[in-house]
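The values are calculated or read from the model by the stated rules, or taken from the named source; none is laboratory data. Since this is a predicted model, take the numbers as computed values, not measurements. A quick note on method: Cβ atoms are made from the backbone with ideal geometry, for glycine too, and the neighbour counts reach across all protein chains shown.
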Amino acid sequence: MASDPITPTPESELDDSPGMAIGTTRRRFLQGTGAAAGALALGATAAAGEAYAAAKPRYAFPKGFKGNMSDLKHVVILMQENRSLDHYFGTFPGVRGFNDKQALRFQDGTSVFQQKDGNGNVVTPQVDDGTWGNDHGAWGDVDHRKWDLWVQHNGASCMNYHSDAYMGFYHSVAAQYTIADQNFCSEFGPTDPNRKYLWSGTANSETGNIDESNYSRSWITVAEQLQQVGIDWRLYSDNSGNGRQGYISTWVGDYGDNELKYFKGFDPEGLSADDPKLQPGTGLIWRGNATYYSGMTSPNDDSDDNLDAVLKSLHDACQPGAEHPLPAVSWIVAPYGWSEHPGADSQHGERYTKKVLDILQSNPDIWNHTLFILNYDENDGKFDHVLPPWPEPGTAREYVGDYPLGFGPRVPMLLVSPWTRGGHVASEVFDHTSTIKFLETWAAHLGKPFRCPNISDWRRSIAGDLTSAIDFAHPQPGPATFPDPLTEQSLSIAADHMKPRPLSFHPHAVISQDRASGTVTAKMTLTGGPKDKALSFQVFPDKYQAFSNTPFTVTASKPREYTWDAKATDGKYAFSIYSNDGFVRSFAGQVAPAGKFDGGLPRVEAQLLRGEGTRHEARVKLTLHNDGTESVHYTLTANDYLHRTQSITVAHGETKLVMWPTLEGYYDVVVTVNTDETWTQRYAGRIATAGKD
C-alpha cells in the first residue's frame, strides 16, 4: 500500500478557532465535471425557469392539501432495465458520484475508481454514449465483497457512463424533483430475481433468470395483498407477444418483465370466462394483465404511434370519467425497446418515461396527488463505486451457501411528486423492498394495513421506507416542464441547487487499545433513527493483513466491535470502516508496550454532536490526549467539505479540545501526529440533522 493514501494535500493553515465552512460546499464538491458543461437552461425554455421558480418552498398549504400522507392518492411505479447509478448520474451535482472522496481505497493506494483488468492495467470511468451490454457472469462465480473485480468480471466497457447531454431528460427530472443516491438493487444478480423483490419482497433464493414458463412461484405477491385489504391496483403493459418469455418485436409486449405472470396466484389456466379473477376492473388476473399473450396489436416501430398504443390503457385510466380510472397503486412494464436494457437505447427509455409523465400531468387532479417512482431492476454489470450493504454470514434468508444474496450495486431512483419537488438528494439506504415498505406505511395510514411476509428481518432493518425522501408537510403542486429526450444538450444546474434530505440517524466508530494484550478494538454504533433501524458497516485491512471485507450489522441497541490483534502484525495496525452516505473511519498506528512510554503517545476521543441552541450546528468534538512523556504535535486537515487545517501541540498529561465544524452535517477530517509516521486517524460521515432545521 502507498505510505499514506488518505492524507490529503495540505491546505492553507488557519487558526485554532472552530471557524466556518469556506468555499466549496458538499454539493459543489460532489457535482462531478458534467454539471458545469453547457449553458442550456433546464428545459431549454423560459417555462423551465418558471418551473424552478414555482418550486420554491411554500409555507401555506395549497388548496386541497392537508400537509400529510392523506394528500397522496396514487403511487405509480415504473421499473426499467439494467443501469447503475454511476452509469447515469455519476457526474450529476449533489449525488455521491465520480468525485466521491469517501470512496473505498485499495491497499496499493488506488481507489475503487481505478479498476484493474487481468493484466494489471488500470481502467477508469470513461464517457461513452453508445449502446452496449455487459457480461453479468453467473451469480456466485466471483466474490464481489471486495469491489475490486469489475473489469476482470465484466470487461472494460463496464466502466463506461453516459454524458450529461445524453442524459439531459433524466438530469432535468432529478434537478426538479428528488434523486436517491443510496438506492441499491436487492440482489447481486440479473433481472428476474430483482423484479421479484419489487413485486413480492423476495426472490426466494433464486439467483438467475431461470425458466419461468409456467405460473410456478407459490409465495404471495404485494399485488395480492393489496387485493386482500381492498386497495385498488393495476399493472399496465402491452400484452402483445407469442409466449410468456417471447415478444413479437422490440416495440411490443412486456419483454417477460411482468413478474406477476410467474406467480401461481395469477395462473389463468382452467378458469372460465366469468371467473372473478378475470373480471375487468376488479379481477386479480385482469388487474395484473397476466393473461396469455395476444396477437400483435401495436405498431411495430419506435414511433409516437407505438408509444400511444403500448401506453393506451394508462392514458385511458387518467382521463376524467374513465371507465377504469387510475387506481391507488400502479405498476408499469415497458416493451424491450423502451425498457433501457443496454442492448436498446437509453434515450428511447427517456421518451417512454416522458410519455408516462405527460400522461399523468394531463390530468392535474391526478398529477397533484401522485407519487411517481422510477427505478431500475439491476445494474447489468455496469460499474458503480459505492459498497452495498452486506449481511453478516449466517443472516437468515440472506445467504445461499457462502455467498450473500445482496444488496447489489446502486441503481437510479427518481421520485416525482409535489412532496419531492425542488431538487433534493435522498441518502438513506433503499432497495426494491423500500417501495413495498412505503406502500405498507401508506396503507396503514389509510386504515388498510398489510405487511409483506417475504421481506427478511435484516433487509427490513437496513432499507428505509422512502419517507425520509418525501416531505408531505410542504407540497409544491403544479405542472413541470421537461426537455425533449432527443435533444442532446447539457443542463446548466447550479452546483448548490441540489439539497440533501435530512436524516434522523448517524453512524459512528471509535477505537481503543489494550496495550497489555496488543489488541485494537473498534466500536461501531448507531444513534437515532426509527425503531429497529440498522446500518451495514464493513471493515477492510489497509495494511499488514490480506484485503478482505468483514461486515457488521449495527443498531442503536446493538453496537458491534471489530478487533485487530497487533501482536500478529508486529504491533502495527491499519484498517478502514465504511458505511452509509460517505461514512469512513481509518485507523493506523502502532500499539505501544504496556507501562511507561518514553515519547509522545497520541490518543483521540471523538464525539458527534447534533448541535444545540438556535443555530443547531452539528460538530465533531475531538479530544486530543497525550499518554506519553514528550509533547505530541497534532495536525488536523479537512479532506473534504471545508478548507481548513489546524495544528495543536499537546504536552505530557495534557488534553486539548477541538470542535470541528461540519457542512450541513457532513465532515471529513484527517488527524496525524509528529511522533509516529504510521499513526493516522480519519473521521468522515454525516451527523443527523433531521428535526434540527
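Quick look at the values:
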read-out	value
The listed residue being buried (at least 17 other Cβ atoms within 10 Å of the Cβ) and at pLDDT 95 or above, out of Gly349, Gly406, Gly381	Gly349
Leading residue by the ranking (nearest to Gly64 (Cα to Cα)) among those in the range 337-350 that are part of a helix (DSSP H, G or I) and in contact with a helix residue (DSSP H, G or I) (Cβ under 7 Å, 6 or more places away or on another chain)	Glu350
Qualifying residue in the range 434-453 (condition: within 23 Å of Phe184 (Cα to Cα), touching a Gly at 6+ places or on another chain (Cβ under 7 Å), assigned by TED's automatic domain parsing to the domain that holds Gln361 and surrounded by fewer than 21 Cβ atoms within 10 Å (Cβ to Cβ))	yes
Filter result for the condition that a residue is within 33 Å of the chain's Cα centre (by Cα) and over 28 Å from Trp442 (Cα atoms), over Arg351, Arg287	Arg351
Gln182 being modelled with pLDDT of 95 or more and surrounded by fewer than 22 Cβ atoms within 10 Å (Cβ to Cβ)	no
Residue within the range 358-367 that is on the phi < 0 side of the Ramachandran plot, surrounded by fewer than 24 Cβ atoms within 10 Å (Cβ to Cβ) and either under 20 Å from the mean Cα position of the chain (by Cα) or of a type in the set (Phe, Trp, Tyr) (or both) present	yes
Qualifying residue in the range 649-663 (condition: modelled with pLDDT of 95 or more and within 25 Å of Tyr562 (Cα to Cα))	no
Selection count, the range 653-693, where residues are touching a Leu at 6+ places or on another chain (Cβ under 9 Å), assigned to a loop (DSSP other than H, G, I, E, B) and surrounded by fewer than 15 Cβ atoms within 10 Å (Cβ to Cβ)	1
The range 308-349, residues that are in contact with a strand residue (DSSP E or B) (Cβ under 7 Å, 6 or more places away or on another chain) and among the β-branched types (Val, Ile, Thr)	Val329, Ile332, Val333
Near pairs, Cβ below 6 angstrom, 6+ apart or cross-chain, from the range 627-649 (within 17 Å of Arg585 (Cβ to Cβ)) to any residue that is assigned to a loop (DSSP other than H, G, I, E, B)	Thr637/Pro8; Ala638/Arg644; Asn639/Pro8; Asp640/Lys101
Qualifying residues in the range 441-469 (those that are in a loop (DSSP other than H, G, I, E, B) and within 20 Å of His506 (Cβ to Cβ)) - the one farthest from the chain's Cα centre (by Cα)	Asp465
Verdict on Arg397 being surrounded by fewer than 23 Cβ atoms within 10 Å (Cβ to Cβ) and either touching a residue at least 12 places away in the same chain (Cβ under 8 Å) or assigned to a helix (DSSP H, G or I) (or both)	yes
Test: residue in the range 416-432 that is acidic (Asp, Glu), free of Cβ contacts under 8 Å to residues at least 60 places away in the same chain and assigned by TED's automatic domain parsing to the domain that holds Ile179	no
Members of the range 409-430 found to be within 16 Å of Leu374 (Cβ to Cβ) and within 9 Å of the chain's Cα centre (by Cα), listed by number	Arg410, Val411, Pro412, Met413, Ala426, Phe430
Some residue of the range 629-644 being β-branched (Val, Ile, Thr) and under 22 Å from Ala522 (Cβ atoms)	yes
Verdict on Arg619 being at pLDDT 95 or above, of a type in the set (Lys, Arg) and either touching a Gly at 6+ places or on another chain (Cβ under 8 Å) or assigned by TED's automatic domain parsing to the domain that holds Asp100 (or both)	yes
Which numbered condition Glu612 misses (of (1) over 30 Å from Gln538 (Cβ atoms); (2) modelled with pLDDT of 95 or more)	(2)
Helices (runs of 4 or more DSSP H) contained in the range 261-336 and holding at least 1 residues in contact with a Ser or Thr (Cβ under 7 Å, 6 or more places away or on another chain), in the same structural domain as Thr191 (by TED's automatic domain parsing) and aliphatic (A, V, I, L, M)	284-287, 304-310
Any hit, the range 263-274, residues being over 23 Å from Asp365 (Cβ atoms) and of a type in the set (Ser, Thr, Tyr)	yes
Residue match in the range 444-459 (condition: under 30 Å from Ser172 (Cβ atoms) and in contact (Cβ under 8 Å) with a residue 24 or more places away in the chain)	no
Some residue of the range 133-145 being of a type in the set (Gly, Ala, Ser), out of contact with any Ser or Thr (no Cβ under 8 Å at 6 or more places or on another chain) and at pLDDT 95 or above	no
Single residue of the range 71-105 satisfying the filter (of a type in the set (Asp, Glu) and assigned to a loop (DSSP other than H, G, I, E, B)) that is farthest from His445 (Cα to Cα)	Asp100
Of the criteria (1) in contact (Cβ under 8 Å) with a residue 60 or more places away in the chain; (2) in contact with a Gly (Cβ under 7 Å, 6 or more places away or on another chain), which one Lys277 fails	(1)
Count of the range 503-526 residues which are hydroxyl-bearing (Ser, Thr, Tyr), part of a strand (DSSP E or B) and buried (at least 16 other Cβ atoms within 10 Å of the Cβ)	2
Where Gly600 falls short, out of the listed (1) surrounded by 22 or more Cβ atoms within 10 Å (Cβ to Cβ); (2) of a type outside the set (S, T, N, Q); (3) in a strand (DSSP E or B)	(3)
The range 406-427: number of residues that are out of contact with any Phe, Trp or Tyr (no Cβ under 7 Å at 6 or more places or on another chain) and hydrophobic (A, V, I, L, M, F, W, C)	2
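Per-residue answers, yes or no, for (1) of a type in the set (D, E, K, R); (2) assigned to a strand (DSSP E or B); (3) more than 23 Å from Val411 (Cβ to Cβ); (4) modelled with pLDDT under 95:
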site	(1), (2), (3), (4)
Ala174	no, no, no, no
Asn204	no, no, no, yes
Leu226	no, no, yes, no
Tyr255	no, no, no, yes
